[in-house]
Amino acid sequence: MAKLLLIDALNLIRRIYAVDVDQQGVSEQQIMQSCKARVHNACKKLLRRIEPTHAIAVFDGERSWRYHYYANYKHSRKPMPEQLKQNLALIAEGFRECGITAFFPEQDEADDIIATLASKASHNKVPSVIVSTDKGFLPLSSENIEIYNYFSKSYTEHNEILEKFSVPYHALTELWALMGDKTNDIPGVKGIGKKTAIELISEFGQVEHALNAPTLAPATRRKLEEDLDNFILSKTLVSLQTDINLGFNLSQLRVIERK
């Protein structure tokens, strides 16, 4: 039976690099070789643990549609260290040496590529495992799509999502669109914090339903109506695209065992 492994490449690499770069008295070349070796080792562990038939590690393109849609998207985020950026091709060999495809899109974000692959696979009843610590993948969690944290060696379950965010997994995009997401500089609705957002979702499910409900608190209604454009913008930004034109199919991602 087919099983797809989807690795958020930079999410994995940057955490591994952060450990390697702190070593004292080590040259840049040694740091990069160590990072590549540790990525390779991580992949071997993932292949043993998950046992996929197909796999891909997806990198980020230069500037996705989100940067054009909203100029302040991720504007306060620290850029990737230049040393790491210049050596991504080398580190990508750590994936390829394990028989895992390494994919560098021109513009699309890894999140959207992975979401598209996972959704297409799920539609065809092919299970997939997304390896990432990025919370943005959690709304995809379903019967055929699992989210795996390599560093804690654990899958994220629906009850854990509910416990952490106080809303079910399928309401996370609504939550982040309401309260914003500082890590990505997504504004949310002015005056709506986490507590109010959770209360609104718990009672009404969606903003659309809340605005149509006579029981919505007047103050909350006013905030939503006055900043509805920001809610729509924010929800668009936090929603993963599942219809990216990939230019390849599942059969091309088969894991090739290397001797």
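Odds and ends about this structure:
- Among residues of segment 63-85 that are at positive phi, those with a Cβ under 9 angstrom from a residue that is in a helix (DSSP H, G or I) and surrounded by 15 or more Cβ atoms within 10 Å (Cβ to Cβ), sequence gap 6+ or separate chain, pair up as 74/66; 74/67; 74/184.
- Taking the conditions (1) without any contact (Cβ under 8 Å) to a residue 24 or more places away in the chain; (2) open to solvent by less than 30 Å² (accessible area, probe 1.4 Å) in turn, residue 219 satisfies each one other than (2).
- Boolean, residue 89 is without any contact (Cβ under 8 Å) to a residue 12 or more places away in the chain and either under 23 Å from residue 34 (Cβ atoms) or loosely packed, with under 15 Cβ neighbours inside 10 Å (or both): yes
- Test: residue 220 is β-branched (Val, Ile, Thr), in a helix (DSSP H, G or I) and in contact with a Ser or Thr (Cβ under 7 Å, 6 or more places away or on another chain): yes
- Identity of the residue in segment 132-167, more than 17 Å from residue 201 (Cβ to Cβ) and among the hydrophobic types (A, V, I, L, M, F, W, C), that ends up nearest to the chain's Cα centre (by Cα): 137
- Filter pass, residue 82 being surrounded by fewer than 17 Cβ atoms within 10 Å (Cβ to Cβ) and over 30 Å from residue 182 (Cβ atoms): no
- Cβ separations smaller than 7 Å between residues 6+ apart or across chains give the following pairs from segment 233-259 residues that are free of Cβ contacts under 8 Å to residues at least 60 places away in the same chain to residues that are assigned to a loop (DSSP other than H, G, I, E, B): 234/180; 234/187; 234/188.
- Matching option when the condition is in contact with a helix residue (DSSP H, G or I) (Cβ under 6 Å, 6 or more places away or on another chain) and under 29 Å from residue 120 (Cβ atoms), among 237, 216, 250: 237
- Restricting segment 223-259 to residues that are hydroxyl-bearing (Ser, Thr, Tyr) and outside any helix (DSSP H, G or I), the residue that is most open to solvent (accessible area, probe 1.4 Å) is 242.
- Enumerated strands (runs of 3 or more DSSP E) restricted to segment 96-196, each holding at least 2 residues that are surrounded by fewer than 19 Cβ atoms within 10 Å (Cβ to Cβ) and not charged (D, E, K, R): none
The values are calculated or read from the model by the stated rules, or taken from the named source; none is laboratory data. Keep in mind the model is a prediction, meaning the values are calculated, not measured. Glycine gets a Cβ as well: all are built from the backbone with ideal geometry, and neighbour counts include every protein chain shown. Just the protein is used for accessible areas: all its heavy atoms, side chains included, with ligands, DNA and RNA removed. Shrake-Rupley method; radii C 1.70, N 1.55, O 1.52, S 1.80 Å.
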